[in-house]
Every structure is written in C-alpha cells, then in structure tokens.
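Notes follow the structure.
The values are calculated or read from the model by the stated rules, or taken from the named source; none is laboratory data. Predicted, not measured: the structure shown is a model, and the values here were computed from it. Positions of Cβ are generated from backbone atoms using ideal geometry, with glycine treated the same way; all protein chains shown enter the neighbour counts.
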Amino acid sequence: MPSEACSAPVFEASLGAYLDQLLHARCLPRGGWVQRVFNPADLPVALERRVRARSPAAVWRAYTDGVRLWCATCVAVDASAYRPSAVALEVLFFENDGALCAGGIWTCSGDGVWRLEKPIDGSYEEFASGALNS
C-alpha cells in the first residue's frame, strides 16, 4: 500500500483507506502476501457477528495470509486532543473467536507516521511498536 500522508478531517469515504494504511504500517506482515477479506460471511462466525454488529459510522477490515487472520474496526474521533492537524481513529482488534484483543486511539499527521496515542489494553503496545508485522 502506498505510504500517503494522512490529512484531516476524516470523511466516511476515506475512513477505510486510513484503516488500511494503519494495518499495513503496523499490523500486517511486511513483505509477506496478504489478501483482504471483503465478505463478512468469509470470516469465522464470531467475527462475522462482530463486523455485522458494528456502528454504522464504523468500517471494518480483515486480511488473511491463508493461516492467520487480522480483523479490525474503526471510527473517526476528534484529533484535537492529540494532534490537531492529524487524522485520529479509534481502532479495535478482534481475535478469531470475536473477543476484543486490543484497541486504542491512533493518529497520523502529514508525515504519514501512525502513532498510538491512547491504548485501551496494555497488550496493544505490541501494535504500537510494529512487532506484529515483523
């Protein structure tokens, strides 16, 4: 995915693109093959329920490498409390059984670098460090 600079405000049409950028930058394996899952029916049943039950303002993305599955939802949040000229997303990550495994507020400013501003769960530090995509 191209490393385009992030800009505010986040419009609904671009929310999915920002989530894609974050996932590719921080969560998905670098240099490895991954395929996006477009149909919720192709997810494990518990994840499908999570995706279908999300807020109308939220978008979801799921990717697989044929063995593992990454699934996240996000909504745009007010960035003024973090970095005023940034894009801010509240992102939730789910396990295959539908359980919330991590979440937090991420921002991206004009430099194109995603930064974890406020983790919801301590294990989320792995995402912030990029450890999951190495």
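Things worth noting here:
Condition check ((1) without any contact (Cβ under 8 Å) to a residue 12 or more places away in the chain; (2) more than 25 Å from residue 112 (Cα to Cα)) across all residues:
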| residue | (1), (2) |
| --- | --- |
| 22 | no, no |
| 32 | no, no |
| 38 | yes, yes |
| 49 | no, yes |
| 52 | no, yes |
| 55 | no, yes |
| 67 | yes, yes |
| 73 | no, no |
| 79 | no, no |
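- Search result, residues across the stretch 47-74 that are assigned to a loop (DSSP other than H, G, I, E, B) and in contact with a Ser or Thr (Cβ under 9 Å, 6 or more places away or on another chain): 54, 55, 58
- Selection over the stretch 103-134 of residues that are touching a helix residue (DSSP H, G or I) at 6+ places or on another chain (Cβ under 6 Å) and at pLDDT below 90 gives a count of 4.
- Meets criteria (assigned to a loop (DSSP other than H, G, I, E, B), surrounded by 13 or more Cβ atoms within 10 Å (Cβ to Cβ) and either of a type in the set (Lys, Arg) or out of contact with any strand residue (DSSP E or B) (no Cβ under 7 Å at 6 or more places or on another chain) (or both)) for residue 98: yes
- Pairs where the first residue, in the stretch 84-99, is at pLDDT 90 or above and the second is part of a loop (DSSP other than H, G, I, E, B) and aromatic (Phe, Trp, Tyr), C-beta under 8 Å, 6+ apart: 88/82
- Among the residues examined, residue 10 qualifies as surrounded by 11 or more Cβ atoms within 10 Å (Cβ to Cβ), among the hydrophobic types (A, V, I, L, M, F, W, C), at pLDDT below 90 and in contact with a helix residue (DSSP H, G or I) (Cβ under 9 Å, 6 or more places away or on another chain).
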